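Working notes, beginning with the structure itself.
The values are calculated or read from the model by the stated rules, or taken from the named source; none is laboratory data. Only a predicted model underlies this, so the values are computations on that prediction, with no experimental measurement involved. As a convention, Cβ positions derive from the backbone with ideal geometry for all residues, glycine included, and neighbour counts pool all protein chains shown. Remember, those area values only see protein heavy atoms, side chains included, never the ligands or the DNA or RNA. Shrake-Rupley method; radii C 1.70, N 1.55, O 1.52, S 1.80 Å.
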Amino acid sequence: MISSQILQNTIDELHSITHIDFIVTDTNGNEVASTAATDEVKPEAVVQFVDSPADSQVVSEAHFFKVFDDKKMEYVLISKGNAEDAYMMGRVAVSHIQNLIVAYRERYDRNNFIQNLLLDNMLMVDVYNRAKKLHIDAEARRIVYLIETKYEKDSTAKEIVKGLFGSQTNDFVTAVDEKNIILVQELSEKDTYEDVERTAKMLRDMLNTEAMSNVKIAYGTIVKEIRQVSRSYKEAKMALDVGKIFYEEKQIVAYNTLGIGRLIYQLPIPLCQMFMREVFGEETPDTFDEEIITTINKFFENNLNVSETARQLYIHRNTLVYRLEKLQRSTGLDIRVFDDALTFKIAMMVVSYMKYMDREA
């Protein structure tokens, strides 16, 4: 069912063109939209007309019409006046409203289809049958973006995304939960991941500016068939989670650039716990003091370069060496050696992953 505001706008436009007053009621005679006072229209007259077999009739110097939605009566349209032009414009208004109902129902059906498609709630044969019925190309190239806003149910951000992509019949803007906005974009044959990244940056900049919202955007891989859209959505969802754990500074995260973070994210927690015990025993990286953690992070940022790390930390080279040797004594790992540095880096990522999973549990 379309909104009363849409109906009101429709009959307002018709009234401004024809100078004929229109009233739309539900089947119980309650006013839904009107361009005139409804004092002359009694709910009893509407109910009596609804119960009659006629599709239209003249009642109290007004033309009454039934408005159907797929053979089910939804509204009664009343065209004020009993002249021929009032009857003709009433028929025009009925036709216009019924076309709106069909358009909005199809729009809802397409949105419902995309939501079920994303969540894998459909059999494969149903996917192609419904796509054909809804005039959705089953073999177009598509990609899924997942947009997380600062606030849940951020209607402003969703309207901005709809304004950018919702008017394009081949793109879909929807949601399957209260946290994220989902954009399913159809791509041309020439579009590459560079174009996808540019779109993500445009969305980020627009939403940060217009919606005053600090967003995070993740996207999956490009798929070539409608049945693979759910895969791109799952990839985008994983990219969003992995980005929060390992790449918190990034606002845009692509599934195909997750690197080792993707591997760690798929590890079972018991295996992670076993790994941490093997490497560190009871003392894990999250128990180190802030000075050691800052030193380690800066050392990794500078590709294990002792001199450059000391310079950026504003400490003497010997002080940095002392800290690294202290870390070696407590963990058995000398992060100046590549193999030990790699083990330590992975361990720190595993700790971040375990903490995230514990918060989400």
Given the options VAL321, PHE22, ALA200, identify the residue whose Cα lies farthest towards the positive end of the charge dipole of the chain (+1 on Cβ of Lys, Arg; -1 on Cβ of Asp, Glu). VAL321
Leaving ligands, DNA and RNA out of it, report the carbon-plus-sulfur percent of the accessible area of the chain at a 1.4 Å probe. 49
Just to compare against my own numbers: the Cα pair-distance distribution for the stretch 68-178, 5 Å bins, whole % per bin, please. 2, 9, 15, 17, 14, 13, 11, 8, 6, 4, 2, 0
Subtract the Cα-Cα distance of ARG105 and GLU197 from 0.36 nm times their separation in residues, and report this length gain in nm to one decimal. 29.8 nm
Along the charge dipole of the stretch 69-202, which of ALA83, ASN170, VAL127 sits closest to the positive end, that is, farthest toward it, with unit charges on the beta carbon of Lys, Arg, Asp and Glu (+1, +1, -1, -1)? ALA83
Could you give me the ³J(HN,Hα) list for the stretch 139-154, computed from phi with Karplus coefficients 6.51, -1.76, 1.60 and θ = phi - 60°, whole Hz, x at Gly and Pro? 10, 7, 7, 9, 8, 10, 9, 10, 10, 9, 9, 5, 10, 6, 6, 7
Using a Gaussian network model of the chain with C-alpha springs under 10 Å, which one of ARG227, ARG277, ARG262 is most mobile by mean-square fluctuation? ARG277
In terms of the Cα gyration tensor, with a ≥ b ≥ c the square roots of its eigenvalues, is the stretch 139-267 rounded because a/c is under 1.5, prolate because a/b exceeds b/c, or oblate? oblate
Run the reach check for LYS345 against lysines, Cα to Cα strictly under 16 Å, same-chain hits fewer than 8 apart removed. What comes back? LYS298, LYS355
With charges only on Cβ, +1 for K and R and -1 for D and E, what is the dipole size of the stretch 247-361 about its Cα centre, in debye, rounded to 20? 260
Ranked highest first by the average count of other Cβ atoms within 10 Å around their residues, in what order do 184-191, 22-29 fall? 22-29, 184-191
Simple Cβ-charge dipole of the stretch 302-361, Lys/Arg +1 and Asp/Glu -1, about Cα centre, in debye nearest 20: 240
Starting from the coordinates of the alpha-carbon atoms of the stretch 280-354, obtain the Kirkwood hydrodynamic radius over all distinct pairs and give the value in Å to one decimal. 12.5
State the extension gain, in nm to one decimal, for the chain segment bounded by ASP70 and LYS224, taking 0.36 nm per residue of separation less the distance between their alpha-carbons. 52.0 nm
Extending each Cα 7 Å along its Cβ direction at ASP12 and ASP334, get the distance between those two points in nm, one decimal. 7.8
Report the local net charge at ARG198: Lys and Arg +1, Asp and Glu -1, summed over other residues whose C-beta lies under 15 Å from its C-beta. -2
Greater than 30 Å separation of Cα atoms is the criterion. Which listed pairs, LYS158/LYS234; LYS71/LYS153; LYS162/LYS244; LYS132/LYS162; LYS72/LYS234, meet it? LYS71/LYS153; LYS72/LYS234
In terms of the alpha carbon gyration tensor, root eigenvalues a ≥ b ≥ c, rounded if a/c is under 1.5 and otherwise prolate when a/b exceeds b/c or oblate, the stretch 211-361 is prolate
Taking LYS66 as the anchor, which lysines have their alpha carbon closer than 20 Å to its alpha carbon, excluding any fewer than eight residues away along the same chain? LYS42, LYS80
Just the number: Rg to Rh for the stretch 1-98, Cα atoms, Kirkwood Rh, two decimals. 0.91
By average C-beta atoms within 10 angstrom, highest first, the peptides 312-324, 78-90, 6-18: 78-90, 6-18, 312-324
Give me a comma-separated list of calculated 3J(HN,Hα) values for the stretch 193-206, in order, Karplus coefficients 6.51, -1.76, 1.60 applied at θ = phi - 60°, integers in Hz, x for any Gly or Pro. 5, 5, 5, 4, 5, 5, 5, 4, 5, 4, 4, 4, 5, 5
Only Lys, Arg, Asp and Glu count, each charged at its Cβ (+1, +1, -1, -1), so figure out the dipole size of the stretch 1-157 about its Cα centre, rounded to 20 debye. 700
Grab the DSSP H runs of the chain that are 4 residues or longer, score each as -39,500 (n - 2.57), total them, divide by all residues and round the 222 nm result to the nearest 500 deg cm²/dmol. -17000 deg cm²/dmol
